[in-house]
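What follows is calculated from the coordinates using simple rules that are stated; it is not laboratory data. Treat the numbers as computed from the prediction; the structure is a model and nothing was measured. Counting neighbours? That spans all protein chains shown, and the Cβs are built from the backbone with ideal geometry, glycine included.
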Amino acid sequence: MIFLQLFYTFLIIGAFTFGGGYSMIALIQGEVVGHWGWMTAEEFTDLLAVSQMTPGPVGINTATYAGYTAVVNAGYPQWAGVCGSLLASFAVIIIPVALVMLVGGWLLKHKDEPRMAVVMKVIRLAVVGLVAAAALGLMGVESFGVAGLNKRFVVSVLIFAAAFVALWRYKVSPIYIILASGIAGLVAFSV
């Protein structure tokens with residue numbers, strides 16, 4: 001039963017997400033954590049961190065890891081988790097790929113029309129909203145710990161602030177920020 005639910009869930013996510021992988025994150029989190037309860041918010045945050053660090057589109061990586069985790073958390077063996085990851089990955093891309101194949105040429109032909117420009121502006125606004133929802137959804141207890149002066153919260157906020165300043169002010173490469181943040185977290189939480 002979980003395989004049907006998984007396929008349907010990621011098929012719908014793939015069909016109704018515009019703007020790439022980051023706009024999918026809020027929808028995926030809402031489904032796998034909120035609606036189905038296949039994993040905890042903390043597991044999803046960890047899964048998302050791994051999805052962003054591995055090569056490939058973040059939306060497909062997230063679907064892949066979510067499919068695996070959902071099936072394994074449901075009590076199935078690891079090989080079934082691999083089937084779940086393949087199923088979720090396939091489901092999330094099948095409709096967008098079909099749409100691009102069917103409509104891509106027409107969109108390129110009509111991209112300069114005024115009505116198309118209005119449609120694209122509206123879609124851009126929706127994408128900004130979805131990305132903002134994903135960012136705000138990740139700013140919870142599972143990412144920063146309980147608010148207050150406990151070690152996990154303070155260290156998480158310091159790493160976040162340092163990463164933000166390094167990226168925004170000094171334009172440091174995200175690769176170096178990820179590596180430095182991982183090392184800082186490892187050192188801070190292993191002591």
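Where Lys and Arg each count +1 and Asp and Glu each count -1, what net charge lies around LEU186 among other residues with Cβ under 15 Å from its Cβ? Taking every Cβ under 15 Å from that of LEU186, the sum is +1. A simple spin-label model places the labels of PHE164 and ALA117 3.6 nm from each other, with each point 7 Å out along Cα-to-Cβ. Largest first, the extents of the alpha carbon coordinates of the stretch 44-89 on the three principal axes equal 26, 18, 11 Å. The lysines whose alpha-carbon is closer than 23 Å to the alpha-carbon of LYS109, local same-chain residues fewer than 8 away aside, are LYS121. Magnitude of the charge dipole for the chain, about its Cα centre and with charges confined to Cβ atoms of Lys, Arg (+1) and Asp, Glu (-1), is about 580 debye. Across the stretch 2-113, Cα-Cα pairs farther apart than 23 Å form 27% of the total. In plain terms, the bigger the Kirkwood radius, the slower the diffusion; for the chain, with that radius from Cα pairs, at 25 °C and 0.890 mPa s, Stokes-Einstein puts D at 134 µm²/s.
Return one number: the angle in degrees, 0 to 90 and rounded to the nearest 10, between the long axis of the Cα atoms of helix 58-73 and the longest principal axis of the Cα atoms of the chain. The two axes meet at around 70 degrees.
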